Amino acid sequence: ISLDTALIMRTTNGGETWPILETPFPHILNAVHFYNYFDGFAVGINNLRLKTINSGQNWSQLPSTQPVLLFDVFATSSTNVFAVSTGGIYLSTDAGDSWSFNFPAGYMNTILFQNNSTGFAAGREGKIWKTANAGSNWLNQYTNLAEEFMDIYFVNEDIGYAVGNKNNEGIIYKTTTGGETFTGVDPNHYQFPAEFLLY
């Protein structure tokens, strides 16, 4: 397998082994997301978009137009699929057969939905966008031009984290308000005591 072609590995034993699947697809894949046990999508460079309907045993290449660098993908149903790129957010409403430019959010690295309606996208210039209506509208939740977010994850409806970098150092932001506000998490600085007393 060449380093500049798609690589897909599938485990069926809880991650003990990861056999490589035959993938005759050009270009590199960046992300994969499964809506359910059967339906999954993967995206990568040069507009590479793949789909599986049998739990990842086989993949088919989806139609594409102009080359686009796709960083992340998230399916909110077996037909509605979002992807993010250097220009913003794309949406397919027909299981990846056709795509439209959903929102010019800027250079986005990651996208995540909590449910069918509420989702977040984040990327360069410290931008975090939120939709509460399945992508019909996106509202800016946070911006810092010196930062870049690489991933975002919610543990429940209120608590979520965004990670990335600022000046080549890692940053972690946390929300406890469902994404309405994000605040930085200070790293733990452990200091050893110079002396101790035993009572």
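The values are calculated or read from the model by the stated rules, or taken from the named source; none is laboratory data. Since this is a predicted model, take the numbers as computed values, not measurements. Positions of Cβ are backbone-derived with ideal geometry, glycine not excepted, and every protein chain shown enters the neighbour counts. Ligands, DNA and RNA are stripped out before the accessible areas are found, and what is left, the full protein with its side chains, is counted by its heavy atoms. Shrake-Rupley method; radii C 1.70, N 1.55, O 1.52, S 1.80 Å.
Quick notes on this one:
- Set side by side, the residues Leu139, Leu91, Leu145, Leu112 differ, and just one is open to solvent by 60 Å² or more (accessible area, probe 1.4 Å) and in contact with a strand residue (DSSP E or B) (Cβ under 7 Å, 6 or more places away or on another chain), which is Leu139.
- Failed item, numbered, when Trp129 is tested on (1) modelled with pLDDT of 95 or more; (2) in contact with a Lys or Arg (Cβ under 8 Å, 6 or more places away or on another chain): (2)
- Check on Lys127, basic (Lys, Arg) and under 21 Å from Glu180 (Cα atoms): yes
- The residues on offer are Val43, Val73, Val68, Val32, and the sole one that is open to solvent by 70 Å² or more (accessible area, probe 1.4 Å), aliphatic (A, V, I, L, M) and closer than 29 Å to Thr143 by Cα is Val32.
- Gly106 falls short on exactly one of the conditions (1) closer than 18 Å to Ala75 by Cα; (2) open to solvent by less than 30 Å² (accessible area, probe 1.4 Å); (3) not basic (Lys, Arg), and that condition is (1).
- The range 46-65, subset hydroxyl-bearing (Ser, Thr, Tyr) and in a loop (DSSP other than H, G, I, E, B), residue least open to solvent (accessible area, probe 1.4 Å): Ser55
- Elements of type strands (runs of 3 or more DSSP E) in the range 113-161, at least 1 residues being touching a residue at least 40 places away in the same chain (Cβ under 8 Å) and under 18 Å from Phe82 (Cα atoms): 119-123, 128-131, 147-154
- First in the range 166-186 and under 13 Å from Gly126 (Cβ atoms) and open to solvent by less than 50 Å² (accessible area, probe 1.4 Å), second anywhere and of a type in the set (Gly, Ala, Ser) and assigned to a strand (DSSP E or B), Cβ under 7 Å, 6 or more apart: Ile171/Gly164; Ile171/Gly184; Tyr173/Ala162; Tyr173/Gly184; Phe182/Ala162
- Qualifying residue in the range 148-156 (condition: among the charged types (D, E, K, R) and under 18 Å from Ala75 (Cβ atoms)): yes
- Restricting attention to the range 16-29 and to residues that are assigned to a loop (DSSP other than H, G, I, E, B), of a type in the set (Val, Ile, Thr) and open to solvent by 50 Å² or more (accessible area, probe 1.4 Å), the residue that is nearest to Asp94 (Cα to Cα) turns out to be Ile28.
- Among the residues of the range 138-160, the ones that are of a type in the set (A, V, I, L, M, F, W, C), more than 17 Å from the chain's Cα centre (by Cα) and closer than 12 Å to Gly123 by Cα come to 2 in all.
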